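*Asks:* Take this structure, written in structure tokens, and hold onto it; I'll ask about it next.
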Amino acid sequence: MKNHNTRIMRLRRKMSNVWLFKSGEKSDMHYTNTLTQSGFSPVNIPVLCFQFCNQGPLKTSLQNPQDYSGIIFTSQRAVEAVAEVYLNLAVRCHASWDEKKIFVVGEATGKAVQNLLKLTCIGQESGNAQQLIPIIIRETKAFDKPLLYPCGNLGKDELPRLLVNYDRDFKALTIYETSQHAQLKYTIQKLINAGQKPTYMVFFSPSGVNFALPILQSLNVDVTGIKIIAIGPTTNTALVQQNIPVSGVCPTPTPEGLIHILKSPL
């Protein structure tokens, strides 16, 4: 009987289309593979595209590690933008940064730091800026040298505000710009024309929410009955601000965290 019920659950999940509103470039297949292995039918929908910028000022900062107490990374994209410059620096710069505190939000960002920059990082267990701040406070001293904070043009001001509140100096530097993916509307329209309707919609960022929702509305996509999932609290806030009912928020910004929510009663 137990095996029979398990087979029924797997069949139901096979029928559960999961639309993943993620960035469109160098898409992380970890989510797709994990969902497929768990019996779901994931569909990647490209929402964002990115362009690196301010590489000159970034290079100047990275060439002078003595001016900083460490770096804060809140996204994989920031790591990729830094890697474009960092990998061409002198070995002595790499050695100096290796002695600094490297803070990250989330496991995916941490893995990017380890794989691309070959640096040890702190804070992988955090899911947002609010969760990272206590770690930064614990590992740094008030009024010390600034933390380099490479970020995107749509970055929220929560982290800078919290750093100021705890007397941690920082230098924010916009190193990539985020815009709507050119294929976003086309991809959604194609899915609709094919008669595909999602059981779940998963949003991975506030900017993804802000770009995708107007497209869904313009195509008259009715989200009634569709379970809306936020990858984390910041994305949840963006959905709530748009009056979108959220069925669940992932406990961690990972494929495993998403699977946990999808398998929970929603």
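The values are calculated or read from the model by the stated rules, or taken from the named source; none is laboratory data. All values reported here derive from a predicted model rather than from experimental measurement. Note that each Cβ is placed from the backbone with ideal geometry, even for glycine, and that neighbours are counted across all protein chains shown. Surface areas here come from the heavy atoms of the whole protein model, side chains and all, with no ligands, DNA or RNA. Shrake-Rupley method; radii C 1.70, N 1.55, O 1.52, S 1.80 Å.
*Asks:* Would you check if A212 is at pLDDT 95 or above and out of contact with any Gly (no Cβ under 6 Å at 6 or more places or on another chain)?
*Replies:* yes
*Asks:* Sticking with this structure for a sec: Only one residue in P265, P245 is surrounded by fewer than 21 Cβ atoms within 10 Å (Cβ to Cβ), out of contact with any helix residue (DSSP H, G or I) (no Cβ under 6 Å at 6 or more places or on another chain), of a type outside the set (S, T, N, Q) and farther than 26 Å from S179 by Cα, so which one is that?
*Replies:* Within the list P265, P245, the selection yields P265.
*Asks:* Identify all residues within the range 225-237 that are small (G, A, S), within 15 Å of the chain's Cα centre (by Cα) and surrounded by fewer than 21 Cβ atoms within 10 Å (Cβ to Cβ); write none if there are none.
*Replies:* Matches in the range 225-237: none.
*Asks:* Being charged (D, E, K, R) and closer than 23 Å to L219 by Cα is the filter; apply it to the range 158-193 and report the residue that is least open to solvent (accessible area, probe 1.4 Å).
*Replies:* K185
*Asks:* Where in the range 76-191 are there strands (runs of 3 or more DSSP E), lying fully within it, with 3 or more residues that are at pLDDT 95 or above and not β-branched (V, I, T)?
*Replies:* 147-152, 170-180
*Asks:* Which residue out of S16, S27 is open to solvent by 40 Å² or more (accessible area, probe 1.4 Å), hydroxyl-bearing (S, T, Y) and modelled with pLDDT under 95?
*Replies:* One residue alone meets the criteria, S27.
*Asks:* Which of the residues spanning the range 67-99 are surrounded by 22 or more Cβ atoms within 10 Å (Cβ to Cβ) and charged (D, E, K, R)?
*Replies:* R77
*Asks:* Taking the criterion of being open to solvent by less than 20 Å² (accessible area, probe 1.4 Å), in contact with a Pro (Cβ under 8 Å, 6 or more places away or on another chain), of a type outside the set (S, T, N, Q) and in a helix (DSSP H, G or I), would at least one residue in the range 209-224 satisfy it?
*Replies:* no
*Asks:* Do we find that N128 is in contact with a helix residue (DSSP H, G or I) (Cβ under 8 Å, 6 or more places away or on another chain), open to solvent by less than 70 Å² (accessible area, probe 1.4 Å) and under 28 Å from K263 (Cβ atoms) in this structure?
*Replies:* yes
*Asks:* Exactly one of (1) out of contact with any Lys or Arg (no Cβ under 8 Å at 6 or more places or on another chain); (2) buried (at least 17 other Cβ atoms within 10 Å of the Cβ) is unmet by P57. Its number?
*Replies:* The one condition P57 does not meet is (2).
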